[in-house]
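**Student:** Have a look at this one before I ask anything.
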Amino acid sequence: MRVVSIVEGDGEVAALPVLLRRLGGWQTPGIYLDVPVPIRVHRDRFLNKDDEFRRFLLLAAGKCGKDGWILILLDADDACPAELGRDILDRARACIPHRQISVVLANREYEAWFIAAAESLSGHRGFQFNLAESIVDAETPRDAKGWLKERMSGGTYGEVTDQPAFSALLDLQQAHDRSRSFRKLCTEWARQSK
């Protein structure tokens, strides 16, 4: 199965292939997975300029081939993931109706998935999560990167370095159980891998 992704951040360019390979091993262990380097877009231009939106979707369609799958993964930020996701999916299907497409919006940020699985990341890369600390709703903090940074020794969190490392370490079941947007990714995975 070939998965071509469109992402908005440098961290996701490195992290998402790691996460998708792990997800494949967890949900569909018998399926060979081909995950090329994601296509990075500038979110505002991608979503607000039709010609740019179409150009990147055509690029993804060419890379995934007729049997591949295109995954658009963006941060929801303050938008409703369900509404914005539906809008993006409708626009994408109008541009390339001949390809399988999924849209997943991490609510609020990709890092919210790390908050959902914070227990499994504690002790790695300087991240400390106090188990006595109450588990927050992973998708509530507006600044998930800041939430992580506050719990990192030295107070630093680097998207390009920590995001791929945490993607390789997080407990997928914890993330699934505590994050609706991560469950959406898992649901899309199951749907596309049939």
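Nothing in this text is a laboratory measurement; each read-out follows from the coordinates by a stated rule. Here the structure is a predicted model, which is why all the values come from computation and not from measurement. Methodologically, a virtual Cβ is constructed for each residue, glycine included, from the backbone with ideal geometry; neighbour enumeration extends over all protein chains shown.
**Student:** If you place +1 on the Cβ of every Lys and Arg and -1 on the Cβ of every Asp and Glu, how big does the dipole about the Cα centre of the chain come out, in debye to the nearest 20?
**Tutor:** 800
**Student:** Shifting gears a bit: Over region 3-192, what is the mean sequence separation of C-alpha contacts under 8 Å (at least six apart), divided by residue count, expressed as relative contact order in percent?
**Tutor:** 25
**Student:** Moving on. Starting at the first residue of region 98-103, write each ³J(HN,Hα) from the Karplus equation 6.51 cos²θ - 1.76 cosθ + 1.60 with θ = phi - 60°, in whole Hz, x for Gly and Pro.
**Tutor:** Working through the residues one at a time gives 8, 10, 7, 9, 10, 10 Hz.
**Student:** For an R0 of 35 angstrom, estimate the FRET efficiency from the Cβ-Cβ distance between residue 66 and residue 180 and round to the nearest 0.05.
**Tutor:** Computed FRET efficiency for residue 66 and residue 180: 0.65.
**Student:** Equivalent-ellipsoid semi-axes (√(5λ), Cα gyration tensor) for region 83-194, whole Å, largest first?
**Tutor:** After scaling each eigenvalue by five and taking roots: 30, 14, 13 Å.
**Student:** For residue 10 and residue 22 in the same chain, what is the full-extension length gain: residue separation times 0.36 nm, less their Cα-Cα distance, in nm?
**Tutor:** Between residue 10 and residue 22, full extension yields 2.4 nm more.
**Student:** Step through the table entries 66/184; 66/194; 145/194; 63/184, compare each Cα-Cα distance with 27 Å, and write down the pairs that go over it.
**Tutor:** 145/194
**Student:** Springs between alpha-carbon atoms under 10 Å, Gaussian network over the chain: tell me which of 101, 31, 39 tops the mean-square fluctuations.
**Tutor:** Of 101, 31, 39, the most mobile in the Gaussian network model is 31.
**Student:** Between region 149-191 and region 108-126, what is the separation of their alpha carbon centroids in Å?
**Tutor:** A separation of 5 Å, based on Cα centres.
**Student:** For residue 39, which sequence-distant residues (separation of 5 or more, or a different chain) have an amide H within less than 5 Å of its own amide H, given hydrogens modelled in the peptide plane?
**Tutor:** Those lying under 5 Å, H to H, from residue 39 are 5, 6, 7.
**Student:** Right, next: Helix by helix through the chain, keep the DSSP H runs that span 27 Å or more along the axis on Cα and average at least -1.0 on Kyte-Doolittle, and give those back in order.
**Tutor:** Long hydrophobic helices here: none detected.
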